[in-house]
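Contents: one structure, followed by commentary.
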Amino acid sequence: MSIPLTHILFVSTALFFIGTYGLFTRRNLITMLMSIELILNSVNINFVAFNKYLYPDKLNGVFFSLFIITVAAAEAAVAIAIIINLYRNHRSIDVEDVKEMKN
Amino acid sequence: MDASAIIFYLISAFILGTAILAVTSQKIFRSAIWLLFSLVGVAALYFWMQVEFVAAVQIIVYVGGVVVLIIFSIFLTHYSGSEMPKPPLKRILFSLLAVLFGFSFSYRIIAGYGFNAATTTKPFNVPVSAIGEQMLDTKKYGFVLPFEVVSMLLLAAMVGCIVIAMRSVPKGTSVQKQAAPIGANDGTNKLIPETKDLVIEDKS
């Protein structure tokens, strides 16, 4: 195996922090959801890489990434339903425009 | 450096470049398309790690499901060519600082940890039959309970999506009232009290 485990971990760490940057700078709900998808993908890469390099006789990392993918799909569907409901009430999906639950 | 390493670095450069474009592009539709490319790159990384099943699930669920859902919601909520306002410079600067600090911190920890290699020398191959058998196994190390829990979660999420996104009808205006002039007999006398008298008069 020519690539050490740490290089895959560097890639997934970089992907995680790119997603975090998007979560910090964006104020649009859909783009924030896209950043969350990037973060979840970096976690999945980590699970599969640890499974492949450290415990090649087990399958638990693969199962964890499969369940994370499922939960992420459910989360994206619920988030988009909430976004569409919000847009119907406010005509905007910017997080700064929603003030109902403040003070 | 052999071909496998070169392919790995190409895939990682593709993933990171398209991810950076996805979080910095000002047009939201282009941002979604860059996200799609980044997810395809992650699927390619799974293929490189020889977990073909996870790669297939990644393509089916993310590229075929989540990104299409995101693009649909963009079309429902935005004008397709519209640009988002740029974030203020202060916010960009500070989030860049925070992200760079976090990345260098994690880089130091990962580089200095020294993972001990696998104790077994068994090659890592993941046949789909092994995944299926362990997924539906009820004995030790079987994953049948999380499987059922996640299926209930998907059902709950589906019902919840329908309930949240359903257009709520305001009080007083029933849906059946619009259909009243077409067949003006039995269905209407519950809704509108005035027509009840008319119907009775017609019958007598």
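FYI, it's all coordinate maths here, none of it is from the lab. Here the structure is a predicted model, which means the values were calculated and not measured. Here the Cβ positions follow ideal geometry from the backbone for every residue, glycine too, while neighbour counts run over all protein chains shown.
Here are the numbers for this structure:
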| read-out | value |
| --- | --- |
| Pairwise centroid distance, computed over Cα atoms, of segment B:28-62 with segment A:58-103, Å | 19 Å |
| Cα-based Rg of segment B:21-145 normalised by 2.2 N^0.38 Å, two decimals | 1.49 |
| Sorted by Cβ density within 10 Å, fewest first, the residues A:V95, B:V42, B:V126, A:V62 | A:V95, B:V126, A:V62, B:V42 |
| Nearest-20 debye value, the protein assembly as shown charge dipole, Cβ charges on Lys, Arg, Asp, Glu | 720 debye |
| Size of charge dipole - segment B:1-144 - debye, nearest 20, with Cβ of Lys, Arg +1 and Asp, Glu -1, no other charges | 520 debye |
| Calculated SAXS-style log₁₀ I(q)/I(0) at q = 0.11, 0.13 Å⁻¹ - the protein assembly as shown, Debye, Cα scatterers | -0.78, -1.00 |
| Set A:K102/B:K90; A:K52/B:K122; B:K27/B:K86; A:K58/B:K122; A:K99/B:K27 screened for pairs whose C-alpha atoms are more than 19 Å apart | A:K102/B:K90; A:K99/B:K27 |
| Helix-derived mean residue ellipticity, 222 nm - over the protein assembly as shown, DSSP H n ≥ 4, -39500 (n - 2.57), to 500 | -23000 deg cm²/dmol |
| P(r) weight above 22 Å for chain A, C-alpha pairs, percent | 45 percent |
| Residues A:R91, A:R27, sorted so that the one with the fewest Cβ neighbours within 10 Å comes first | A:R91, A:R27 |
| Cα convex hull volume per residue for segment B:127-167 (Å³) | 62 Å³ |
| Largest-first ellipsoid semi-axes for segment B:1-83, taking √(5λ) over the Cα gyration tensor eigenvalues, angstrom | 28, 16, 5 |
